[in-house]
Amino acid sequence: MLVDHDGREFLDALAGLWNVIIGHGREELAQAAQRQMSSLAYASGYTGSTSLPAIELGERLQQICYPAGEGRSPGWPGMGGFYFATGGGEAVDAAVKTARWWWKLHDRPEKTGVIGRRYGYHGTGMVAMSATGLPAYWPMFEPRLAGVEIAESPYPYRFDRQQHARGHDDPRSNGEIAADLIEETIEHIGADRIACVLAEPVQGAGGVIVPPDDYWPRLRAICSRHDVLLIADEIITGFGRTGPWFALERWGVEPDLVCFAKGITSGYVPLAGVGFRQEIAEAIRSAEGRTTWMHAATYSGHPVACAVANANLAIIEREGLREQAAERGSMLLKQLATLSTLSHVGEVRGLGLMAAVELVANKETREEFPATEKIGPRVHAATQARGMFSRLRGDVYNLAPCYPVETPQLERMVEILGESIHEVTGA
Ligand SMILES: Cc1ncc(COP(=O)(O)O)c(C=O)c1O
């Protein structure tokens with residue numbers, strides 16, 4: 001719950017910005033920060049120095065972030081190291097730079113290009129903005145970075161099979177076609193000029209777009225086939241939002257690099273980072289001279305942030321919050337499904353504890369409302385007037401509450417959203 005300065009209460013239906021995953025008001029995290037500040041408030045994280053909380057966090061992550069072992073792809077070596085930054089966009093920047101660095105290290109300096117996807121969101125920095133597939137973020141800051149391409153999204157509700165399939169008898173599923181569209185982009189540019197594909201396992205800010213099950217295994221195979229590094233942007237999906245610790249686990253896929261932020265500290269202090277698969281981590285450690293991985297910031301591995309992250313991850317484990325996220329998520333989806341009977345609810349979708357309701361002018365044709373009608377913003381205002389807070393992409397209303405959200409709170413969220421849609425669309 002959020003309380004404004006007039007004492008009005010709001011359900012925090014997006015857990016801040018998808019990040020306050022264990023919920024607000026956790027004294028334990030405040031105490032972890034206090035303890036750390038009292039003993040060592042700051043230590044450099046540059047090569048040659050670090051702090052105990054950063055080491056502990058790296059070790060914890062190695063246990064939970066695509067660890068080697070049972071259930072993994074044959075030969076998967078696990079993540080071999082982590083770099084800590086302060087925000088998600090900064091982590092994306094570090095990951096893309098690392099992809100370029102990796103190919104230069106292997107005498108393939110032309111491999112610098114980046115492929116993002118439509119509806120993807122990756123942050124505000126120049127690389128992250130350029131790879132963001134939501135054009136509203138671009139106009140006043142263009143030109144975007146050269147060499148960053150935007151490929152199609154697998155968006156099941158809006159995937160245009162007629163446009164993308166090879167005729168009526170194309171045997172491929174929509175998920176396979178969507179993955180192949182990325183391969184086509186790689187081939188069009190030339191694999192020798194592409195460093196990485198940057199993609200969210202479930203597109204979040206773009207409207208909780210859950211890909212078909214056959215999408216990720218195919219995309220993984222495409223990246224491997226073309227020597228293109230796969231960067232999973234798990235800044236929303238990391239730390240159990242979709243159930244498993246990291247979302248690609250569901251599809252039996254491991255990324256070469258993984259970006260995380262938000263939930264690692266539940267937003268109590270800023271922290272983000274990148275995980276590197278074993279060979280990349282080892283190469284970073286052993287590179288020297290001109291090939292040194294020359295990338296670090298004043299606040300890399302900030303001890304207070306890492307101490308809070310350790311306490312936060314311990315709470316998630318201790319309280320079984322990932323399991324709760326999965327369970328509350330299916331409860332939320334089931335309840336949201338009751339809104340499908342409304343005349344303008346085109347689709348209700350989600351995975352784990354992230355969900356969206358897409359409003360349309362016409363359910364049969366899936367035609368969108370004209371932007372000038374501002375249906376989404378009006379629904380948003382109506383939900384706020386009823387005591388709920390979240391965010392939208394156009395006419396898609398997103399929900400991603402904290403993992404320990406209570407059943408009556410979930411029920412009230414759905415009720416508020418239903419009433420608000422009814423009020424605005426009159427149906
Ligand atoms: C998937 C994803 N990537 C990157 C970012 C950028 O993170 P930050 O705002 O911490 O820079 C966000 C933020 O919402 C995000 O949702």
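Values as computed for the structure displayed
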item	result
Enumeration of residues in the range 17-41 that are under 22 Å from ALA356 (Cβ atoms) and in contact with a strand residue (DSSP E or B) (Cβ under 9 Å, 6 or more places away or on another chain)	LEU17, TRP18, VAL20, GLY23
Per-region count, the range 285-333, residues under 24 Å from ILE209 (Cβ atoms) and in contact with a strand residue (DSSP E or B) (Cβ under 7 Å, 6 or more places away or on another chain)	3
Some residue of the range 184-203 being β-branched (Val, Ile, Thr) and surrounded by fewer than 21 Cβ atoms within 10 Å (Cβ to Cβ)	yes
In the range 229-256, the residues that are within 16 Å of the ligand (Cβ to nearest atom), over 13 Å from the mean Cα position of the chain (by Cα) and in contact (Cβ under 8 Å) with a residue 40 or more places away in the chain	PRO255
Any hit, the range 148-161, residues being away from the ligand (no atom under 16 Å from the Cβ), without any contact (Cβ under 8 Å) to a residue 24 or more places away in the chain and buried (at least 17 other Cβ atoms within 10 Å of the Cβ)	yes
Close pairs from the range 121-136: first in contact (Cβ under 8 Å) with a residue 40 or more places away in the chain and within 14 Å of VAL96 (Cα to Cα), partner more than 8 Å from the ligand (Cβ to nearest atom) and in a strand (DSSP E or B), Cβ under 7 Å, at least 6 apart	HIS122/GLY116; HIS122/THR132; HIS122/LEU198; ALA131/VAL114; ALA131/GLY116; ALA131/VAL148; ALA131/LEU198
Only one of GLU27, GLU59 that is charged (D, E, K, R), within 30 Å of ARG277 (Cβ to Cβ) and out of contact with any helix residue (DSSP H, G or I) (no Cβ under 7 Å at 6 or more places or on another chain)	GLU59
Test result for ALA91, of a type in the set (A, V, I, L, M, F, W, C), part of a helix (DSSP H, G or I) and in the same structural domain as VAL258 (by TED's automatic domain parsing)	yes
The range 70-91 residues that are farther than 18 Å from HIS122 by Cβ and among the charged types (D, E, K, R), paired with ones that are at pLDDT 95 or above and crowded, with 19+ Cβ neighbours inside 10 Å (beta carbon under 7 Å, 6 or more apart)	ARG72/GLU254
Residues that are in contact with a strand residue (DSSP E or B) (Cβ under 6 Å, 6 or more places away or on another chain) and among the aromatic types (Phe, Trp, Tyr), drawn from the range 228-284	PHE260, PHE276
Selection within the range 75-102 - away from the ligand (no atom under 14 Å from the Cβ) and more than 14 Å from LEU257 (Cα to Cα)	GLY75
Subset of the range 53-75 (residues that are out of contact with any strand residue (DSSP E or B) (no Cβ under 8 Å at 6 or more places or on another chain) and buried (at least 17 other Cβ atoms within 10 Å of the Cβ))	PRO53, ARG60, ILE64
Search result, residues across the range 58-88 that are part of a helix (DSSP H, G or I) and either of a type in the set (S, T, N, Q) or not assigned by TED's automatic domain parsing to the domain that holds GLY45 (or both)	GLN62, GLN63
Selected residue (only one of VAL357, VAL304, VAL345 is crowded, with 22+ Cβ neighbours inside 10 Å and over 24 Å from the mean Cα position of the chain (by Cα))	VAL345
Criterion (among the charged types (D, E, K, R), surrounded by fewer than 16 Cβ atoms within 10 Å (Cβ to Cβ) and within 27 Å of GLY267 (Cα to Cα)) met by exactly one of GLU373, GLU423, GLU367, GLU406	GLU406
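Per-residue answers, yes or no, for (1) at pLDDT 95 or above; (2) among the aliphatic types (A, V, I, L, M); (3) at negative phi; (4) in contact with a helix residue (DSSP H, G or I) (Cβ under 9 Å, 6 or more places away or on another chain):
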| position | (1), (2), (3), (4) |
| --- | --- |
| PRO212 | yes, no, yes, yes |
| LEU219 | yes, yes, yes, yes |
| ILE222 | yes, yes, yes, yes |
| ARG241 | yes, no, yes, yes |
| GLU249 | yes, no, yes, no |
| ILE264 | yes, yes, yes, yes |
| GLY267 | yes, no, no, yes |
| PRO270 | yes, no, yes, yes |
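The values are calculated or read from the model by the stated rules, or taken from the named source; none is laboratory data. On a predicted model such as this, the values are computed, not experimentally measured, just so you know. Neighbour counts run over all protein chains shown; Cβ positions are idealised from the backbone, glycine included.
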